[in-house]
């Protein structure tokens, strides 16, 4: 994304990476998280690189998100809504799947 690239939790061999630019955040989670991914941009894409379903996220905005969930083959399997103010929650993303989140 030609901007900030962050690797998280050195002590855990960097289980997460993210990049952000403008209104967009892209993150990939590769193993169990000790901290949730902070959702603080209008457009967020999350890749679940784990072998288990789900990624911990924390809503930081006052707006809700529309979440489109895709499997490892790119098929849309679910559309849901993340309500503002729900704090930390597990976003159900299948292994090697992806979630595209947009402000409502």
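Looking only at the range 20-30, filter to residues that are assigned to a loop (DSSP other than H, G, I, E, B) and at negative phi; which one of those is surrounded by the fewest Cβ atoms within 10 Å (Cβ to Cβ)?
Residues of the range 20-30 that are assigned to a loop (DSSP other than H, G, I, E, B), as a first pass: 22-23, 30.
With the extra rule that they be at negative phi, the set shrinks to 23, 30.
Numbers: 23: 10, 30: 17.
Looking at the filtered set, the residue picked out is 23.
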Has the range 60-72 got any residue that is out of contact with any strand residue (DSSP E or B) (no Cβ under 6 Å at 6 or more places or on another chain), at pLDDT 95 or above and either buried (at least 16 other Cβ atoms within 10 Å of the Cβ) or part of a loop (DSSP other than H, G, I, E, B) (or both)?
yes
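Would you tally the residues in the range 9-19 being surrounded by 18 or more Cβ atoms within 10 Å (Cβ to Cβ) and not in a loop (DSSP other than H, G, I, E, B)?
Residues in the range 9-19 being surrounded by 18 or more Cβ atoms within 10 Å (Cβ to Cβ) and not in a loop (DSSP other than H, G, I, E, B): 2 in total.
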Count of residues meeting criterion [without any contact (Cβ under 8 Å) to a residue 12 or more places away in the chain and either assigned to a loop (DSSP other than H, G, I, E, B) or within 16 Å of residue 37 (Cα to Cα) (or both)] in the range 75-104:
1
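If you scan the range 31-54, which residues turn out to be assigned to a loop (DSSP other than H, G, I, E, B), touching a strand residue (DSSP E or B) at 6+ places or on another chain (Cβ under 8 Å) and touching a residue at least 40 places away in the same chain (Cβ under 8 Å)? Even if it seems obvious, please write down each step before you answer.
Within the range 31-54, the first condition is being assigned to a loop (DSSP other than H, G, I, E, B), and the residues that meet it are 31-36, 40-42, 49-54.
So of that shortlist, the ones also touching a strand residue (DSSP E or B) at 6+ places or on another chain (Cβ under 8 Å) come out as 33, 35-36, 40-42, 49-50, 54.
Matches in the range 31-54: 36, 42, 49, 50.
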For the range 42-57, does any single residue satisfy the condition of being under 11 Å from the mean Cα position of the chain (by Cα), crowded, with 19+ Cβ neighbours inside 10 Å, under 24 Å from residue 85 (Cβ atoms) and at pLDDT below 90?
no
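The values are calculated or read from the model by the stated rules, or taken from the named source; none is laboratory data. Computed from a prediction, not measured in an experiment: that's the story for all the values here. Quick reminder, even Gly has a Cβ in these numbers, built from the backbone with ideal geometry, and neighbours come from all protein chains shown.
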